[in-house]
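Novice: So that we are looking at the same thing, I have put the structure below in structure tokens.
Just so you know, all these numbers are worked out from the coordinates, no wet-lab data involved. Small disclaimer: the values here were computed from a predicted structure and weren't measured. Here the Cβ positions follow ideal geometry from the backbone for every residue, glycine too, while neighbour counts run over all protein chains shown.
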């Protein structure tokens with residue numbers, strides 16, 4: 001059983017996102033420790049990028065702070081190695097295709113495997129163009145996570161049937177960010193994905209309150225939260241650790257009831 005599967009083995013999974021290097025690599029490590037302490041089941045680390053097209057203002061600004069602090073893919077691989085010395089929690093990177101391409105697919109996935117990165121989410125990589133990336137990643141045991149959007153209806157069968165790790169369902173159109181309500185018919189999308197795939201299904205984009213997380217956990221295998229956690233890091237800076245812990249703990253408690 002891979003580490004990603006372990007995240008879903010004991011009930012509904014909470015996947016927590018943090019931007020790597022915001023406000024520093026050291027603080028990101030501290031925040032991840034607090035997320036693990038709060039009960040998160042899988043850590044998603046964003047590799048900062050200058051043009052994160054899928055991200056809203058909160059994560060865009062976090063990317064800029066991280067880049068200004070000197071965060072690089074090399075330093076984030078080092079961070080994962082440090083986490084691996086302490087924990088077997090599943091870890092996935094979120095990055096855009098350009099940094100992976102510039103490093104080189106072979107070298108990038110070799111570094112992932114050696115550091116202990118279990119999967120990769122690439123928002124600007126169309127499903128139809130995953131073949132080249134997967135042909136390399138599979139040799140290193142790193143899952144490339146597929147995304148399903150509300151507009152993916154005609155492609156769900158193909159995306160789901162070839163999915164690995166977990167399927168990331170985007171709850172709302174547009175970029176990441178906190179939303180007061182989610183109007184997408186998630187139950188229908190989750191059901192459709194599950195009819196074609198045996199890998200777990202997690203839902204993200206816009207979820208930020210315990211009640212929202214609980215509602216999503218009723219129909220999906222996992223809940224993904226990013227902007228709300230990154231916003232806490234932005235508000236409290238280096239002192240955000242305990243606040244992140246309390247927030248993660250509240251979300252985990254809500255979805256554990258499902």
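Novice: Give me the three principal axis extents of the range 1-43 from the C-alpha atoms, as integers in angstrom, largest value leading.
Specialist: Principal axes ranked by extent give 32, 19, 12 Å for the Cα atoms.
Novice: So for the chain, Kirkwood radius off the Cα pairs, Stokes-Einstein at 20 °C and 1.002 mPa s: how many µm² s⁻¹?
Specialist: Diffusion coefficient, whole number: 120 µm²/s.
Novice: Please compute the length gained on full extension between residue 50 and residue 98, using 0.36 nm multiplied by the number of residues separating them and subtracting their Cα-Cα distance.
Specialist: 16.2 nm
Novice: Under the definition of Cα pairs under 8 Å and six or more residues apart, what whole-number percent is the relative contact order of the chain?
Specialist: Dividing the mean separation by the residue count of the chain yields 24 percent.
Novice: Something else now. Just how far, in whole angstrom, is the range 15-90 from the range 240-255 if you go by their alpha carbon centroids?
Specialist: If you average the Cα positions of each part, the centres end up 17 Å apart.
Novice: While we're on this one: Mind ordering 3-13, 41-51 by average Cβ neighbours within 10 Å, highest first?
Specialist: 41-51, 3-13
Novice: Which order do the peptides 231-241, 138-148 come out in when sorted by mean C-beta neighbours inside 10 angstrom, highest first?
Specialist: Sorting 231-241, 138-148 by mean packing, highest first, produces 138-148, 231-241.
Novice: So if each residue of separation counts as 0.36 nm, and I subtract the Cα-Cα distance between residue 243 and residue 138, what length gain in nm does that give?
Specialist: Fully extending the segment from residue 243 to residue 138 adds 34.0 nm.
Novice: Same structure again: If R0 is 30 Å, what FRET efficiency do you get for residue 257 and residue 2 from their C-beta distance, rounded to 0.05?
Specialist: Approximately 0.65, to the nearest 0.05.
Novice: If you don't mind, another one. Run the quick spin-label model on residue 161 and residue 124: label points 7 Å from Cα toward the beta carbon, then report their separation in nm to one decimal.
Specialist: Taking the two extended label points, one gets 3.1 nm.
Novice: Determine, from the Cβ-Cβ distance of residue 131 and residue 74 and an R0 of 30 Å, the FRET efficiency 1/(1 + (r/R0)^6), rounded to the nearest 0.05.
Specialist: So the FRET efficiency works out to roughly 0.65.
Novice: What does the highest-first list of 104-110, 216-222 look like by mean Cβ count within 10 Å?
Specialist: Ranking the peptides 104-110, 216-222 by packing returns 216-222, 104-110.
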